[in-house]
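Asker: There's a structure below that I have some questions on.
The values are calculated or read from the model by the stated rules, or taken from the named source; none is laboratory data. Quantities reported herein were computed from a predicted structural model and do not represent experimental measurements. Here the Cβ positions follow ideal geometry from the backbone for every residue, glycine too, while neighbour counts run over all protein chains shown.
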Amino acid sequence: MPLLPLATGAIIALVAATFAFPWLEFVLTLAIAKGLAALGVAILLRGGLISIGHAMFFAIGAYATAFAMRDFGITDVFALILISAIISLVAGLLIGAFVVRYRAIFFAMLNLAISMVLFSLLSKFYGVTGGTDGLRVGTPTVLGMVLEAKGFATFLFYAAIAAMVLAGLAVNAYFKSPLGEALSAVHTNEIRLEYLGIPVRGVLLVAYGLSALLAGIGGTFAAMTIGHVLPDMAYWTDSGHLVLVAVLGGISGIGGPFVGAAFLELVHTLAAGVTDAWNMIVGAALLGVIFFLPKGLIGFIRPTKKGDLA
Amino acid sequence: MISYRNILCSAVAAAALLAGPALAEDKPAALGVGVFSFTSGGTAAYGKPGRDAAELMIERINAKGGIGGVPLSATYVDEGQGTEGVIAEYRKLAGDAATEVMIAALSSGNCMALAPVSDQMKVPTVGWNCDTHQLYLKDAHPYFFRPNGNTVPEFVAYAAYLIAVKPDVKRIAIINPDYAFGHDAAKIFTTAIKAFKPDVEVVAELFPKLGAGTYQTEISRLTAARPDVIFSNLWGGDLENFVRQASPRGLFRSSQAVLALGESSMQNVQIPEGVIVGVLGDGWWMSPDAAANPETREFAEAYKAKYGKWPVFPAMKMANSFLYVQAAYDKAMAGNGGKWPSRDEVAAAMKGSEVKTLTGTMQTRADNDGVVDQIIGVTAKADGHDGPVIGDMVRYKGADLMPPAGEDPIAWIGTLSADLPTKLPQPGSYK
């Protein structure tokens with residue numbers, strides 16, 4: 001299997017890059033955090049559903065971390081990840097139970113609407129959420145050890161890589177399971193699936209919950225890396241960003257969203273370092289990918305197979 | 001054709017640059033400064049004057065031989081790319097030993113996000129425009145300095161001025177932008193007004209979203225509410241749109257307007273005479289103190305010549321931040337016998353520093369927040385100046401309006417005595 005050496009090589013390259021340029025550690029941790037959320041979006045895309053509201057779960061994960069630290073004094077990094085994961089999963093299942101009844105533009109718009117409600121709540125409940133200035137997230141402890149902020153950043157980078165690998169393996173297994181296969185089938189022909197006796201809503205709810213879980217875990221990593229959470233995390237442009245990342249990287253495989261996220265963060269950082277017109281460079285890079293790599297960046301290394309989606 | 005001499009020169013210069021960091025006590029070839037401001041998006045209305053002022057200040061400081069003989073060299077970062085991007089850039093710059101000090105940031109959200117990062121990376125950082133009073137409320141930030149001061153004295157000053165010129169005020173209305181800055185200002189202003197005059201009633205409180213563009217509905221609501229006073233901390237394009245739409249509908253005739261950030265828009269839109277405006281601090285380039293300082297006059301003339309406008313207060317804040325950095329270096333070098341100071345020594349020099357700026361004197365408090373005077377006045381015309389000016393000015397001492405460090409600022413405002421406005425300097429006393 002040629003994918004394994006490729007993936008290993010990519011991870012070694014990630015680590016090597018941070019040795020050459022220590023400031024990349026932050027950029028790449030953030031890219032992985034967004035990659036996790038984009039992977040969640042990619043799961044739904046596989047089922048033919050596009051969510052323009054997934055930044056809400058990213059924000060739920062991030063704010064869950066901030067609240068757990070501030071209000072409950074929980075500082076252990078693993079406990080924080082677990083709490084944020086559970087909360088975003090529960091939120092995903094609750095919201096999912098409602099929105100998976102809808103398809104196409106209705107699904108997209110409902111997600112958008114709910115995420116903007118969350119955005120407004122986060123901005124307006126000033127006393128609780130810190131309003132538009134956001135909340136601070138301190139440096140968590142690791143299994144009782146108090147790390148220096150710098151040491152923790154490095155730890156978090158490796159933890160994010162581990163999370164990326166685990167999430168990749170889990171989602172891969174999910175795609176190959178009957179539930180995952182049924183998800184692709186929803187995209188192809190939903191009615192046939194019902195006739196086969198497979199509950200479509202159940203299939204989609206599992207997918208939605210899983211995608212919310214991934215986005216929430218991404219959010220908690222982002223909160224701990226940035227050290228600050230803002231309502232902007234739930235804003236619709238950030239949701240659009242996640243869809244863009246997923247499509248940019250390619251949704252045919254697990255690696256796509258991560259490749260897309262790393263690409264976008266790096267182009268952004270480099271372009272913003274060069275000129276004030278960085279928006280234009282990022283835009284041109286996106287157009288380039290869309291025109292010349294319709295399968296996404298992953299199309300570079302992964303040959304098209306029969307039955308691939310998108 | 002490139003001559004060998006040129007190549008040789010560049011090679012020597014490059015070698016000198018490379019050798020710079022190796023000899024820690026020697027002066028570097030350049031003093032790297034990271035300057036953070038908005039240069040994209042609507043917020044650039046403040047970010048651009050800040051950035052322009054930074055370029056001009058660097059030019060002027062370098063023309064005089066730099067700081068301690070070392071020229072400044074800036075790396076500019078656009079805050080318009082979002083907080084994550086701003087932190088990434090900050091970390092990148094901080095990781096490079098050549099960047100020795102940062103001037104960041106314009107937005108309060110960015111300052112709050114950067115302050116812990118500055119402590120972590122131990123880089124002296126100067127908050128040049130952000131003013132949220134939340135910044136030092138919960139955590140200490142030993143490497144983050146804010147000579148700019150905070151929202152509490154800024155808006156309490158307006159309440160004091162208003163009570164002094166309009167002691168019979170009964171009904172006030174508020175129209176502020178819908179984000180933390182707008183809500184904070186509304187809270188501070190109303191709390192202060194009620195402390196000074198408990199029977200004042202807030203008849204409307206409107207928070208249009210940032211960049212709303214049209215304010216017709218809000219103007220109708222304000223007209224219907226019949227307030228004696230309309231307070232607003234709208235700014236940039238928002239303020240200009242509001243003034244353009246409110247003027248023809250007579251809003252400024254029926255109510256006394258208080259435009260807290262009005263000075264920054266006076267050159268772009270015609271604000272009627274008699275509107276209470278100010279500069280959130282002492283950064284009015286035509287104030288008596290500023291006019292008495294030949295440096296300020298020169299800076300303002302150069303700014304006007306280069307950019308076609310007089311420097312608005314965000315530009316003055318940026319210029320003053322450079323003086324703050326310069327003062328810290330001078331102090332640090334005086335303290336260690338003229339050797340080039342480390343980042344830690346610069347931060348230590350900023351601690352508690354008192355700095356003479358282009359527009360006055362600021363004092364760094366123990367918690368690193370700045371104590372700055374507040375200048376407020378009304379829009380007026382003056383002979384010999386083509387644009388609008390500020391008349392009937394008052395200059396409140398920063399210390400009189402600043403809540404003690406560590407105290408809940410809103411609770412502190414509530415304890416202000418009702419006769420405070422009569423004890424403070426009176427409008428028109430600053431000339």
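Asker: Sort out which residues of region B:260-304 are under 16 Å from residue B:388 (Cβ atoms), in contact with an Asp or Glu (Cβ under 7 Å, 6 or more places away or on another chain) and not small (Gly, Ala, Ser), and write them in order of number.
Answerer: Those that are under 16 Å from residue B:388 (Cβ atoms), in contact with an Asp or Glu (Cβ under 7 Å, 6 or more places away or on another chain) and not small (Gly, Ala, Ser): B:268, B:269, B:277, B:279, B:284.
Asker: Kindly establish whether residue A:193 is away from chain B (no Cβ under 14 Å) and crowded, with 20+ Cβ neighbours inside 10 Å.
Answerer: Numbers: away from chain B (no Cβ under 14 Å): yes; crowded, with 20+ Cβ neighbours inside 10 Å: no.
In short, no.
Asker: Being more than 21 Å from residue A:217 (Cβ to Cβ) and outside any helix (DSSP H, G or I) is the filter here, so list the residues in region A:62-99 that pass it.
Answerer: Across region A:62-99, the qualifying residue is only A:73.
Conditions tested, residue by residue: (1) surrounded by fewer than 22 Cβ atoms within 10 Å (Cβ to Cβ); (2) free of Cβ contacts under 8 Å to residues at least 24 places away in the same chain; (3) outside the structural domain of residue B:299 (by TED's automatic domain parsing); (4) of a type in the set (Phe, Trp, Tyr).
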residue: B:345; (1), (2), (3), (4): yes, yes, no, no
residue: B:352; (1), (2), (3), (4): yes, yes, no, no
residue: B:361; (1), (2), (3), (4): yes, yes, no, no
residue: B:383; (1), (2), (3), (4): yes, yes, yes, no
residue: B:410; (1), (2), (3), (4): yes, no, yes, no
residue: B:413; (1), (2), (3), (4): no, no, yes, no
residue: B:430; (1), (2), (3), (4): yes, no, yes, yes
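Asker: If I go through region B:38-63 residue by residue, how many of them are among the aromatic types (Phe, Trp, Tyr) and outside any loop (DSSP other than H, G, I, E, B)?
Answerer: Summing the residues that are among the aromatic types (Phe, Trp, Tyr) and outside any loop (DSSP other than H, G, I, E, B) in region B:38-63 gives 1.
Asker: Let me ask another. Checking the structure you have, find out if any residue of region A:94-116 is within 14 Å of another protein chain (Cβ to nearest Cβ) and surrounded by fewer than 23 Cβ atoms within 10 Å (Cβ to Cβ). Working first, answer last.
Answerer: Step one: list which residues in region A:94-116 are within 14 Å of another protein chain (Cβ to nearest Cβ), which gives A:116.
Going one step further and asking which of them are surrounded by fewer than 23 Cβ atoms within 10 Å (Cβ to Cβ), we end up with A:116.
Yes, there is a match, as at least one residue in region A:94-116 is within 14 Å of another protein chain (Cβ to nearest Cβ) and surrounded by fewer than 23 Cβ atoms within 10 Å (Cβ to Cβ).
Matching residues to (1) out of contact with any Ser or Thr (no Cβ under 9 Å at 6 or more places or on another chain); (2) within 11 Å of chain A (Cβ to nearest Cβ); (3) among the β-branched types (Val, Ile, Thr); (4) not in a helix (DSSP H, G or I):
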site	(1), (2), (3), (4)
B:109	no, yes, no, no
B:113	no, yes, no, no
B:128	no, no, no, yes
B:133	no, yes, no, yes
B:139	yes, yes, no, yes
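Asker: To continue, here is another question. If you check residue B:98 against the conditions, is it among the small types (Gly, Ala, Ser), more than 8 Å from chain A (Cβ to nearest Cβ) and surrounded by 23 or more Cβ atoms within 10 Å (Cβ to Cβ)? If you could, list the steps in order and put the result at the bottom.
Answerer: On the way: among the small types (Gly, Ala, Ser): yes; more than 8 Å from chain A (Cβ to nearest Cβ): yes; surrounded by 23 or more Cβ atoms within 10 Å (Cβ to Cβ): no.
Criteria not met by residue B:98.
Asker: Kindly indicate whether any position in region B:64-79 is of a type in the set (Asp, Glu), part of a helix (DSSP H, G or I) and within 14 Å of chain A (Cβ to nearest Cβ).
Answerer: Yes: one or more hits.
Asker: Would you pick out the residues in region A:276-289 that are without any contact (Cβ under 8 Å) to a residue 12 or more places away in the chain and either more than 9 Å from chain B (Cβ to nearest Cβ) or not in a loop (DSSP other than H, G, I, E, B) (or both)?
Answerer: A:278, A:279, A:280, A:283, A:284, A:287, A:288
Asker: Given the criteria buried (at least 19 other Cβ atoms within 10 Å of the Cβ), more than 21 Å from residue A:224 (Cβ to Cβ) and either within 14 Å of another protein chain (Cβ to nearest Cβ) or polar (S, T, N, Q) (or both), does residue A:84 qualify?
Answerer: In short, no.
Asker: Ok, one more. With respect to the numbered conditions (1) surrounded by fewer than 23 Cβ atoms within 10 Å (Cβ to Cβ); (2) in the same structural domain as residue B:164 (by TED's automatic domain parsing); (3) touching an Asp or Glu at 6+ places or on another chain (Cβ under 8 Å), which one is the sole condition not fulfilled by residue B:307?
Answerer: (2)
Asker: Out of the residues in region B:193-211 that are closer than 16 Å to residue A:123 by Cα and of a type in the set (A, V, I, L, M), which is farthest from the chain's Cα centre (by Cα)?
Answerer: B:206
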